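Accompanying notes for the structure given below.
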Amino acid sequence: MKILFTVLNWGLGHATRSAPLIRALTERGAQVILAGDGDSKSYLHDSFPGLEIRELPSYPIKYGKSAMATRLQLVQSSPGIKSTIEQERKVVEQWIEAESFDYIISDNRYGCHHPKIPSILITHQLNIAAPFASFLVNKVIKNYLKPFHRIWVPDVENPEINLSGDLSHPKAESLPVEYIGPLSNLPVKPGKKDLEWLGIVSGPEPQQSLFYQALLKIQAKHPLRITLARGLSQKELTPLWNRAQKIICRSGYSSIMDLALHQKPAILVPTPGQDEQLYLGKWFQNDCSFKVIQQNEIDDRWVDWEPENKKVHTRWTSFYMEAIESLFPTSN
């Protein structure tokens, strides 16, 4: 079986959550051709050095120094994003004309599909959290979803216990949705929890540096209590993650899945202007294991925070292997 697996480069979350699926496919004997760009492509190359990886056009994503500036940048990027989706659709079409594939699996790259090849989209955003004109935004997104034969949502279906709230539940329109359970590429390893706080700095600039500088000021006052991780490889991050008692990080969906798997209490800091993260922060605002603060609220007070309940995230469940196995014909 030959599979084209494409990954969006909007932070590393799409690449990290795709890694368990890629690994499972290769372990079952599939020939997986990877495709992406930027940091996500580099991450996949480092994680799967034996697999072929191809280049796809980059999405013109830019952030500002404030929430409003970021929203304006994203709005201004819309024509460029639409153009990139069309470009990647043409690139995939050329690859399909040149060679045969059994499946296309795309993590949030809306142009990576083909009418003659079973095409699967991985996304937790069936409803987009938009600050304005949400109806129009979601209408556009629904049109991008329609060409895919299957949609894999890395979450559970039950809206009362899921991790992504209303984001992962389509409204009105019928879509070929399969809930495959949350995904995480961070292995759970027992051991000593000798780091009180691990601050994970990630995401696009300039917000990444602003977040890092805010945490750096607090670390200077509490050097023995806070460890910062920025720009680390998966191999470097994993032992720190397993040693950490508590996490402070962005409220990106991939981070929330990691926290759920590891049952880590955390302070979540939504990226200003990234409305999906703001929504997820509000979704977990009342969770006894999470505290949500805004970036301008980062100060000494959070260092002494303790979760109300350290046995957390009973919502976690993972059954993505069923989706993987469904791709392989059963032998008689």
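For the residue pair Arg28 and Ser174, what label-to-label distance in nm results when each label sits 7 Å from Cα along the Cα-to-beta-carbon direction?
Placing both labels 7 Å along Cα→Cβ, they lie 2.6 nm apart.
Mind jotting down the distance between the C-alpha centroids of segment 145-175 and segment 1-32, whole Å?
20 Å
How far apart, in nm, are the 7 Å Cα→Cβ label points at Ile161 and Glu308?
About 2.0 nm separates the two model spin labels.
With N residues in segment 201-332, what two-decimal value do you get for its Cα radius of gyration over 2.2 N^0.38 Å?
1.20
Against the longest principal axis of the chain, how steep is helix 207-221, in degrees 0 to 90 to the nearest 10, with axes from Cα atoms?
The two axes meet at around 30 degrees.
With a Cα-only, solvent-free Debye model of the chain, what are the log10 I(q)/I(0) values at q = 0.15 Å⁻¹?
-1.36
First measure r as the distance between the Cβ atoms of His222 and Val188, then evaluate 1/(1 + (r/R0)^6) with R0 = 22 Å and state the FRET efficiency to the nearest 0.05.
0.20
Using 0.36 nm per residue, how much length does the chain from Met1 to Phe135 gain when fully extended, once their Cα-Cα distance is taken away?
My answer for the length gained is 44.3 nm.
Once each part is reduced to its C-alpha centroid, what is the distance from segment 42-61 to segment 80-117 in angstrom?
The two parts, judged by their Cα centres, are 15 Å apart.
Treating cross-link reach as a plain straight distance, find the aspartates and glutamates whose alpha-carbon is under 13 Å from the alpha-carbon of Lys62, omitting any fewer than eight places away in the same chain.
Those aspartates and glutamates meeting the cut-off are Glu205.
Just name one of Pro270, His14, Pro187: the one whose Cα is farthest towards the positive end of the charge dipole of the chain (beta-carbon charges, Lys/Arg +1, Asp/Glu -1).
The listed residue farthest towards the positive side: Pro270.
How much accessible area per residue does segment 167-300 have, in Å², with a 1.4 Å probe?
Spelled out: the 1.4 Å probe surface of segment 167-300, per residue, equals 43 Å².
Over 30 Å between Cα atoms, which of Lys217/Lys246; Lys139/Lys246; Lys2/Lys264; Lys65/Lys291; Lys65/Lys146 qualify?
Over 30 Å apart, Cα to Cα: Lys139/Lys246; Lys2/Lys264; Lys65/Lys146.
With charges only on Cβ, +1 for K and R and -1 for D and E, what is the dipole size of the chain about its Cα centre, in debye, rounded to 20?
520 debye
Three principal axis extents, largest first, for the C-alpha atoms of segment 107-149, in Å?
Largest to smallest, the principal-axis extents are 36, 16, 12 Å.
Take peptides 90-100, 30-40, 6-16 and line them up by average Cβ neighbours within 10 Å, highest first, as a rough protection proxy.
Packing order, densest peptide first, comes out as 6-16, 30-40, 90-100.
Would you mind telling me the share, in percent, of accessible area of segment 1-133 contributed by carbon and sulfur at probe 1.4 angstrom?
The value for segment 1-133 is 52 percent carbon and sulfur by accessible area.
Please give the per residue accessible area of segment 32-101, computed with a probe of 1.4 Å over protein heavy atoms only, in Å².
53 Å²
Once every DSSP H run of n ≥ 4 in the chain is given -39500 (n - 2.57) and the sum is divided by its residues, what mean residue ellipticity at 222 nm do you get, rounded to the nearest 500 deg cm²/dmol?
-11500 deg cm²/dmol
Modelling each spin label as a point 7 Å along the Cα-to-Cβ direction, I'd like the Ser66/Lys82 distance in nm, to one decimal.
If labels sit at Ser66 and Lys82, their model points lie 2.8 nm apart.
The values are calculated or read from the model by the stated rules, or taken from the named source; none is laboratory data. Please read these numbers as outputs of a predicted model, since none were measured by experiment. Using ideal geometry, Cβ is built from the backbone for each residue, glycine included, and neighbour counts are taken over all protein chains shown. Just so you know, the surface numbers come from the protein's heavy atoms only, side chains and all, with ligands and any DNA or RNA stripped out. Shrake-Rupley method; radii C 1.70, N 1.55, O 1.52, S 1.80 Å.
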